[in-house]
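The values are calculated or read from the model by the stated rules, or taken from the named source; none is laboratory data. Since this is a predicted model, take the numbers as computed values, not measurements. Using ideal geometry, Cβ is built from the backbone for each residue, glycine included, and neighbour counts are taken over all protein chains shown. Remember, those area values only see protein heavy atoms, side chains included, never the ligands or the DNA or RNA. Shrake-Rupley method; radii C 1.70, N 1.55, O 1.52, S 1.80 Å.
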Amino acid sequence: MAQFQFVIPTKLGQVAIGTVNTLIYTVPANMAAYLKDIDIPNTTIASIAVTVYIGAGTAAVNILIPGVTIPANSIFQWTGTQILNAGDTVVAIASALGCNAIVSGGQAI
């Protein structure tokens, strides 16, 4: 594994989550990243289920947030630390439109 000199805190992505797999972030080549915080607000009047995947694809082994139901006009927050390698992705899918994802962490260069 490469040695990295600096870790730069950054917003990794901010997107509206669709009812199909929605790409939020891809780790650039020759970099590593860490995922620190995911905020998912639901701005509708109905509950929405959201699943978030990290890593290389949307297989069950890559689920970070498994179909959490977010009540109407509420926010779901995940905080932790997950290391992502070059080419890894953060992907989300929702049961209906109306949720956004704001993802923060850092990139190692």
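Run Ile83 past the list (1) outside any strand (DSSP E or B); (2) among the β-branched types (Val, Ile, Thr); (3) over 17 Å from Gly18 (Cβ atoms); (4) at pLDDT below 95 and report the number of the one that doesn't hold.
(1)
Against the condition at pLDDT 95 or above and part of a loop (DSSP other than H, G, I, E, B), how does Ile54 come out, does it pass?
no
Filter segment 86-96 for residues that are more than 11 Å from Asn21 (Cα to Cα), in contact with a strand residue (DSSP E or B) (Cβ under 6 Å, 6 or more places away or on another chain) and aliphatic (A, V, I, L, M) and give the result.
Within segment 86-96, just Ala96 meets the criteria.
Mind listing whichever residues of segment 88-109 are open to solvent by 40 Å² or more (accessible area, probe 1.4 Å) and at pLDDT below 95?
Gln107, Ile109, listed by residue number.
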